[in-house]
Amino acid sequence: MRVLSSTVIATLGASLGGMLGELVARHLGGPQSDPLAVAAHSALWYVALGAALGTSLGAANALWRGSWRLAPAPLLLGAAGGVLGGLAGLLVFYLVVFSADTYSYDAIFTAAHRGRLAPLLLARACSMAVLGALAAGGATPVAQWPTRGQSAALGGGLGGLAAGVAFEMLFVVLGVPQHDSPLFSQVRAMGVAFVGALVGLGSVALAEATKLGELVVLAGICEGRRLPLHRGQNIVGRAPSCQVALPEELTLQPWHAAIVWEVDHFVLHDASGGRTRVNGEVVARSPLKHGDRIRLGNAIFALELAWRVQPAGIAQRSAASVEETPAQPGAAFPTPPAAGEPRYRLRGVRGVLAGREYVLQSSTRTLGRLRSDILLEDPAVSRRHATVEVTAQGVTLRDAGSANGIIVGGRRVQTAHLRPGDEVTLGSTVFVLERAAE
């Protein structure tokens, strides 16, 4: 459904842009024997096509992210990417076509009929590939570029390559070589529809094919939404900068949790300070498996892995059939703390994260802003700020090469040995170490 709707939206957008570019170019007029008139005509047409295609792909992305609050960025960036793609594509087209010593449409098509069709097909295919890649890449939200954007751009480029060949072959098959022919605009409109359909299909299909799973929203304001997960880090939260952004879910933190692909499975890292559960258990870090139920704030999700990354012989469970109950003894994930295992929490008392609490267990190894067991939403915290060691006597923090270090008693230290009641500064927040409730 996602691939079909995106293809339809891209087809309509590209068709509209192509027709608009054609109308504007024809209104400006100019003899086709004039190289400047030809160049201006082509530039207007390519720019209009690229802008409309990028905008329509941005609209499709906003539609499937489920919130029009997130629409402005992909719409604007898609349009910008399309404009750049149009200009770059036109440049590529002329670089190839000039080898035939042609400067007008009539001469180009005459050259094609003299047996020089291959350079013309190559020129159009390469130009549409560039246009498709930049339009599809620009329309991908910036936060999703490390995970989804590269696949979308590659798919858009491959779709554009095929569309360029189809576009040019229409004129050859239908025998419409003359730019001033009454049928020229109609055939060109058909070709533009091919461009929109194949770029839209390629960009979305490849991005869908490379996803590793989905979060299915079972309960909450966004109930029913399916959110793709890709390789790397997928941050879930209200902030538009999250790869999985849910601005309507007011019980989520701006950065609530990260779901990170590690070798052959996803691992969830809490960043909410104890408002994350997996199968009913409060977790700071937990490996995930197919069918796990995840609660973030008041929203409930089920994890559905793509078939190619599911372990062999896994029992396929419907997301709707998973009950929100604590993990049973012997379950693979999450493993409950062993009896007597010390549990502590860092509670923010002053600064950006004042009032937030972060549970530390023996499985907690790192603190930082990104790619850490516990994520701290503080700009002054480094991506990987400190390593953690939990013992029966307390917690030991070691600086992991952070920019602002670990501050204890007003002094920067390399290692901090904390006991319940001690304070430590990480980034711009002062935390106090407390024993967590068993």
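The values are calculated or read from the model by the stated rules, or taken from the named source; none is laboratory data. Just so it is clear, the model here is predicted, and its values are computed rather than measured. Note: ideal-geometry Cβ built from the backbone for every residue, glycine included; neighbour counts use all protein chains shown. Accessible surface is based on the protein model in full, side chains and every heavy atom, while ligands, DNA and RNA are left aside. Shrake-Rupley method; radii C 1.70, N 1.55, O 1.52, S 1.80 Å.
Report yes if VAL432 is assigned to a strand (DSSP E or B) and in contact (Cβ under 8 Å) with a residue 24 or more places away in the chain, otherwise no. Break it down stepwise before answering.
Numbers: assigned to a strand (DSSP E or B): yes; in contact (Cβ under 8 Å) with a residue 24 or more places away in the chain: yes.
In short, yes.
The set of residues in region 344-371 being in a loop (DSSP other than H, G, I, E, B), touching a residue at least 12 places away in the same chain (Cβ under 8 Å) and more than 16 Å from VAL390 (Cα to Cα) consists of GLY351, VAL352, LEU353, ALA354, ARG356, ARG369, LEU370, ARG371.
Among the residues making up region 293-320, a single one is modelled with pLDDT of 60 or more, open to solvent by less than 80 Å² (accessible area, probe 1.4 Å) and among the polar types (S, T, N, Q): GLN310.
Scanning region 417-438 for residues that are within 38 Å of the chain's Cα centre (by Cα), surrounded by 13 or more Cβ atoms within 10 Å (Cβ to Cβ) and over 17 Å from LEU353 (Cα atoms) gives a single hit, ALA436. Each residue in region 278-294 was checked for being under 21 Å from LEU212 (Cβ atoms) and part of a strand (DSSP E or B), and 6 of them qualify.
Specify which of the listed residues (VAL172, VAL199, VAL236, VAL192) is β-branched (Val, Ile, Thr), out of contact with any Lys or Arg (no Cβ under 7 Å at 6 or more places or on another chain) and open to solvent by 10 Å² or more (accessible area, probe 1.4 Å).
Details: VAL199 fails: open to solvent by 10 Å² or more (accessible area, probe 1.4 Å); VAL236 fails: open to solvent by 10 Å² or more (accessible area, probe 1.4 Å); VAL192 fails: open to solvent by 10 Å² or more (accessible area, probe 1.4 Å).
Every option except VAL172 fails the conditions.
Each row is one residue, and each column tells you yes or no for (1) modelled with pLDDT of 85 or more; (2) more than 14 Å from the chain's Cα centre (by Cα); (3) acidic (Asp, Glu); (4) not in a helix (DSSP H, G or I).
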position: VAL199; (1), (2), (3), (4): no, yes, no, no
position: GLY202; (1), (2), (3), (4): no, yes, no, no
position: LEU206; (1), (2), (3), (4): no, no, no, no
position: LEU218; (1), (2), (3), (4): yes, yes, no, yes
position: CYS222; (1), (2), (3), (4): no, yes, no, yes
position: LEU227; (1), (2), (3), (4): yes, no, no, yes
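For region 391-411, the set of residues classified as more than 23 Å from VAL283 (Cα to Cα), in contact (Cβ under 8 Å) with a residue 12 or more places away in the chain, open to solvent by 40 Å² or more (accessible area, probe 1.4 Å) and part of a strand (DSSP E or B) consists of ILE407, VAL408, listed by residue number.
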